[in-house]
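Below is one structure, written out as structure tokens; the observations come after it.
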């Protein structure tokens, strides 16, 4: 059996492209109005909870300020991003990847055990825990798959006025359109933080083998883990 | 330091490639297709006359921001302001059986719809206001739309960077109950910064699709021969999406 299922590998790389383009075009869109608000409305600095820094051209798509063009990229890649998420959720439920490898049982939420896991991570010892992934890994992947990525789709839909008649309650569920926009922004940076840590840990644990594993599937060694 | 330069280099290459794709025909056709899918998905997920959220008086923002054109710089418009827009006319023309020229009085005498809605600018900000005016569908009914008409074009008195502002929507949005010709904001006559004396409210779309200083409504079969051919001022000038519901 391969270490990573084909569905996981395809989605991983497609999603990487989507998230990168959505994040960088999102920074360009952010430059159009650099204030974030809570509630239903907000249009002036004195109502804002945050003044967002201006993101330079090297960090944005396109590489110069263009709200129209950045929206083109955002609108296009929202499709493979959202449909990809739907696909991987269906795949994970069908092949039991989520249930078997990512789920955290209630009895695992013990402060001492979690602390021990954190200490081992700080000592750069990652190969522990009974299953495929240890507690912190499952927590991180679980947060990204169950919370961060779906919240990006739903807060994005809540910002869109044309979608509103289909589910007016969605805007309220986020506490208003400007709250949805703030949450969209905050969670995009949470995903950025996840990716930064993810890449760092891949670099620390034999990057060539890790990347090859995510492309070819890799091999599983006796005992279930490589 | 070398690694940083390398990463910055990769980022620049990637950004440069994206910028190139943005300007290519192939890129444009993908972007248009994606925009269409969003519009079709929005339409498929709700009934034609499903409403956007309406708010209570307590939700109204203390001030309604003016954006884009906030006045019309002509002697003619200033004269209209002087006499309280008593002589303002709204023409309804194009593919209609009975072309109309409506006075402010005519518009006020039609059945009115009052709605407290949220205005979302493409830039990201929102403001809530109470708008009143006749439904566009009622005016179009009076004029009688001819067979083969597909779009409604809004002609405006204001200019931006030397070009006349205009916008367009399709029949689905034109017939939507919340699409109104607003002449009142928060119980007062429409202020100049918000498009006096009349502006469109197209509530399922972003702010640039709600043209101000409205002088004519044109019913057309195609948008191709109008101005830059993309269906609106910002669509022509900067490539903004024609469907502003996303």
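The values are calculated or read from the model by the stated rules, or taken from the named source; none is laboratory data. In this text the structure is predicted, and so the values were computed from the model without any measurement. Cβ sites come from the backbone with ideal geometry, for glycine too, and all protein chains shown count toward neighbours.
Annotations for the structure displayed:
- Checking residue B:13 against (1) loosely packed, with under 13 Cβ neighbours inside 10 Å; (2) at pLDDT 95 or above; (3) assigned to a helix (DSSP H, G or I); (4) more than 21 Å from the chain's Cα centre (by Cα), the condition it does not meet: (2)
- Some residue of segment B:66-89 being within 11 Å of chain A (Cβ to nearest Cβ) and either part of a helix (DSSP H, G or I) or closer than 29 Å to residue B:206 by Cα (or both): yes
- The residues of segment A:54-65 that are in a loop (DSSP other than H, G, I, E, B) and in contact with a helix residue (DSSP H, G or I) (Cβ under 7 Å, 6 or more places away or on another chain), listed by number, are A:55, A:60, A:61, A:62, A:63, A:64, A:65.
- Considering residues of segment B:149-188 that are away from every other protein chain (no Cβ under 14 Å) and free of Cβ contacts under 8 Å to residues at least 40 places away in the same chain only, the residue farthest from residue B:109 (Cα to Cα): B:162
- Residues satisfying the stated conditions in segment A:55-76, i.e. more than 8 Å from chain B (Cβ to nearest Cβ) and touching a residue at least 24 places away in the same chain (Cβ under 8 Å): A:55, A:65, A:70, A:74
- When residue B:34 is tested against the conditions (1) under 30 Å from residue A:46 (Cα atoms); (2) in contact with a helix residue (DSSP H, G or I) (Cβ under 6 Å, 6 or more places away or on another chain), the lone failure is (1).
- Against the test of being away from every other protein chain (no Cβ under 13 Å) and surrounded by fewer than 17 Cβ atoms within 10 Å (Cβ to Cβ), the options A:103, A:34, A:9 yield a single qualifying residue, A:103.
- Looking across segment A:199-215, the residues that are in contact (Cβ under 8 Å) with a residue 12 or more places away in the chain, under 16 Å from residue A:8 (Cα atoms) and either in contact with a strand residue (DSSP E or B) (Cβ under 8 Å, 6 or more places away or on another chain) or surrounded by 13 or more Cβ atoms within 10 Å (Cβ to Cβ) (or both) come down to A:213, A:214.
- Any hit, segment B:178-200, residues being within 22 Å of residue B:98 (Cβ to Cβ) and assigned to a helix (DSSP H, G or I): no
- Pick from segment B:107-134, criterion touching a residue at least 12 places away in the same chain (Cβ under 8 Å) and within 20 Å of residue B:85 (Cα to Cα), ranking: nearest to the other protein chains (Cβ to nearest Cβ): B:131
- Enumeration of residues in segment A:77-90 that are more than 9 Å from chain B (Cβ to nearest Cβ) and buried (at least 16 other Cβ atoms within 10 Å of the Cβ): A:80, A:81, A:82, A:84, A:85, A:87, A:88, A:89
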